[in-house]
Amino acid sequence: MAGARRRKISRAAIVFAIALPLAACTTPPAGIHLDLRSAGCPDDIRIQTDAMPRVELGFLYGLLDPHHYELGAHDVSGPLVFDGQDTGVRLTILTGDATDGVSGNVALYDDPSLLLAAVDTDQAMVDVVRYPTVGVFAPLAKDPRIIYWNSKTYPNVTSIGGLGATLTPDASMVVPVVAAEPTLFDDYLLGKKLLREDQVTVGPVSLATFTQAGGIVAQQGNALIDPYLFAQPDAYPDAIGSQFADDVGYTRDAGVLSARRETIVRYADCLRELVPLFQKSLIGYVNNPDATTALIVDLAAAYGDDRYPADVAAQAELLLRSERFVGNGRDDTVGDLDIGRVRGLIDDARPLLVKAGVSIPSRIQPDDFVTNEFIDRSI
């Protein structure tokens, strides 16, 4: 990453709708037979996530038996099951921290026992030489990051760019934008001159820190959690404005399950069975989420995560569908990488990141760090 000033930021004006089933997808076929061991998968499929248990990862947690699993200090494991059938291997899901500054691609090189890890496509692009990975499954059709602000304090601000042109009420500074960690998105916003370098800072980010700031600061957030928390009685008295990273042209795909290049070769047969299983599991979760959501809530509580009680998880699960954070995207397939979107990230973000001092090869192409080779187009 370039420079100590890099910070994290996020998303768009949020209007929430009624929940809908996943469009243009069929439910997983009954009685499917899978033998992942015979397909060449490791006995223990270890996957590093980039978050605590969340509904965005329901496709993974849905592959565990919610009544029979082992909880470790930083992981949960058990037989990998689908449609009630044991696939012959175990699944270990390692929890992550989205604000610790360690990307999943680094974890893949630190821990050879990992088969896959969640890697954002912007980080995969930047590390295509240093920590090269290839993304094989995209659980989210759009990134839920938002930047939000108090729209009573700043009634004329309707976008992230508006924050860059607005002073605080006492006119002492441009609206501070607080992020939990430095990110590549900061350099993009600064390069596009949507924000100013002196207004982006790193610090604690939560409902409490936003409230304590008295409506003066803008913050990084998550559209699947924060708007619901703000809507609760006595949570925050004023209206909230927000914008998505997607809506300012930063077409990063978040949490793409990715592997080292040598893993792609060694476990190609395994991935041809496993990736379609993720696709089917994602559809199964969206259409029948209750048991898996309950497991996710239990696991979050077991890890001491007080931001994710049952009501928050239920609302987030609803929003996955109603706001189409998951879905078929521009085609009739779920879980594939939109190559046009990845190319847009290269074309739009790369020049600004390079200008900020980030080293990225000049002739990089989408297939340098993502592939749809293992996606089943019929799903």
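The values are calculated or read from the model by the stated rules, or taken from the named source; none is laboratory data. All figures in this text were calculated on a predicted structure; none of them were measured in a lab. All Cβ positions, even for glycine, are placed from backbone atoms using ideal geometry, and neighbour counts span all protein chains on display. Accessible surface is based on the protein model in full, side chains and every heavy atom, while ligands, DNA and RNA are left aside. Shrake-Rupley method; radii C 1.70, N 1.55, O 1.52, S 1.80 Å.
Given the structure, is N156 on the phi < 0 side of the Ramachandran plot, touching a residue at least 24 places away in the same chain (Cβ under 8 Å) and among the polar types (S, T, N, Q)?
no
For (1) under 16 Å from the mean Cα position of the chain (by Cα); (2) hydrophobic (A, V, I, L, M, F, W, C), each residue gets a yes or a no:
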{"site": "L207", "(1), (2)": "no, yes"}
{"site": "I216", "(1), (2)": "no, yes"}
{"site": "L229", "(1), (2)": "no, yes"}
{"site": "P237", "(1), (2)": "no, no"}
{"site": "F244", "(1), (2)": "yes, yes"}
{"site": "R252", "(1), (2)": "yes, no"}
{"site": "L282", "(1), (2)": "yes, yes"}
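Output the residues belonging to the range 323-379 that are basic (K, R) and either over 30 Å from E273 (Cα atoms) or surrounded by 18 or more Cβ atoms within 10 Å (Cβ to Cβ) (or both).
Within the range 323-379, R341, R350, K355, R363 qualify.
So how many residues does the range 265-280 have that are open to solvent by 10 Å² or more (accessible area, probe 1.4 Å), in a helix (DSSP H, G or I) and in contact with a Pro (Cβ under 9 Å, 6 or more places away or on another chain)?
1
Being open to solvent by 20 Å² or more (accessible area, probe 1.4 Å) and assigned to a strand (DSSP E or B) is the filter here; which residues of the range 228-264 pass it?
I240, Q243, R260 - these are the residues of the range 228-264 that are open to solvent by 20 Å² or more (accessible area, probe 1.4 Å) and assigned to a strand (DSSP E or B).
Of the numbered conditions (1) surrounded by fewer than 21 Cβ atoms within 10 Å (Cβ to Cβ); (2) touching a Ser or Thr at 6+ places or on another chain (Cβ under 8 Å); (3) more than 26 Å from I147 (Cα to Cα), A314 satisfies every one except a single condition; which is it?
The failed condition is (3).
Which of the residues spanning the range 237-267 are without any contact (Cβ under 8 Å) to a residue 40 or more places away in the chain and within 19 Å of S113 (Cβ to Cβ)?
Passing the criteria: E262, V265, R266.
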